[in-house]
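Single-structure report; data block below.
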Amino acid sequence: MTERYFTNPTLESSRQVVIFHCEFSSKRGPRMCRYVRKTDRTLNKQNYPKLFYPEIYILHGGYKDFYPQCPELCVPQNYILMLDPLFEGQLAHWQKVTKQVTADNGQTTVRG
């Protein structure tokens, strides 16, 4: 992500609004939002308060609250809870992989 969005940011990137979310906007979405803001501040340390992405937000209530209000904006047109019994195995797998994430020289490495 860092390479894609911060290697050659343009003036256009400063005009984009970035909205982070996860199912409830309580863990993954806010964590990624903090990461992007921290990276943006670090890269623009010499140009404070300039940022490549000055407008970043966290979707209040997450996808769980957004989908019932605006399903026409969502693809696919269905929503299944992360805790649905049909996906217990996948959830357990990704929770295990997520716990194995480590930081190496500012880079995120996923093992598993």
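The values are calculated or read from the model by the stated rules, or taken from the named source; none is laboratory data. If you're wondering where the values come from, they're calculated on a predicted model, not measured in any experiment. Quick note on the areas: whole protein, heavy atoms, side chains included, nothing else; ligands and nucleic acids left out. Shrake-Rupley method; radii C 1.70, N 1.55, O 1.52, S 1.80 Å.
Some observations on this one:
- Candidates F52, F87 - the one that is open to solvent by less than 90 Å² (accessible area, probe 1.4 Å) and either among the aliphatic types (A, V, I, L, M) or in a loop (DSSP other than H, G, I, E, B) (or both): F52
- Options L73, L83: the member that is hydrophobic (A, V, I, L, M, F, W, C) and at pLDDT 90 or above: L73
- Qualifying residue in segment 11-22 (condition: more than 19 Å from the chain's Cα centre (by Cα), open to solvent by less than 50 Å² (accessible area, probe 1.4 Å) and modelled with pLDDT of 80 or more): no
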